[in-house]
Amino acid sequence: YREALDGRRRELGDAHPDTLNSTNGLANVLRDQGKYAEAEPLYREALDGFRRELGDAHPHYGDTCKFYAEFFEKQAMFSEAASYYDQAAHAYEQSYGADHEETRDARTKADACRSKAADA
């Protein structure tokens, strides 16, 4: 993933959606390896880039919010996770509608994280 990201940065630039997708991919791998300190700035870069380039109602922005929410959820940071699941739900609702599976799933996960945060 690092090589792919470096190649995309060289060929397409930092702000290209394909580069941002690769940034997300590397962040997800690092998250799954428990390398949270390395993953977090990549998520922030992808979030900022997608918001700037595509807007916060685009599904790519929603996907990044969902991945970042999972990042927080894996660390039992449930309030932060709920916030990013909410942002994902907003993006999906704007793109796909309120009854779409992605929208409903993000809302369900946000509610579950809020419950976990309240229980903590």
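Filter the range 68-97 for residues that are open to solvent by 50 Å² or more (accessible area, probe 1.4 Å) and among the hydrophobic types (A, V, I, L, M, F, W, C) and give the result.
A76, M77
When the residues of the range 70-97 are filtered to those that are part of a helix (DSSP H, G or I) and touching a Phe, Trp or Tyr at 6+ places or on another chain (Cβ under 7 Å), which remaining residue is farthest from Y43 (Cα to Cα)?
Within the range 70-97, the match that is farthest from Y43 (Cα to Cα) is A91.
Can you go through R114, R107 and tell me which one is surrounded by fewer than 18 Cβ atoms within 10 Å (Cβ to Cβ) and modelled with pLDDT of 95 or more?
R114
Give me a count of the residues in the range 36-56 that are within 23 Å of R107 (Cβ to Cβ) and open to solvent by less than 40 Å² (accessible area, probe 1.4 Å).
Adding up the residues that qualify gives 5.
Inside the range 16-35, can you point out the residues that are loosely packed, with under 14 Cβ neighbours inside 10 Å and either of a type in the set (K, R) or more than 19 Å from A88 (Cβ to Cβ) (or both)?
D18, Q33, G34, K35
The values are calculated or read from the model by the stated rules, or taken from the named source; none is laboratory data. Since we're looking at a predicted model, the values are computed, not measured. A quick note on method: Cβ atoms are made from the backbone with ideal geometry, for glycine too, and the neighbour counts reach across all protein chains shown. Side chains included, ligands, DNA and RNA excluded: accessible areas come from the protein's heavy atoms. Shrake-Rupley method; radii C 1.70, N 1.55, O 1.52, S 1.80 Å.
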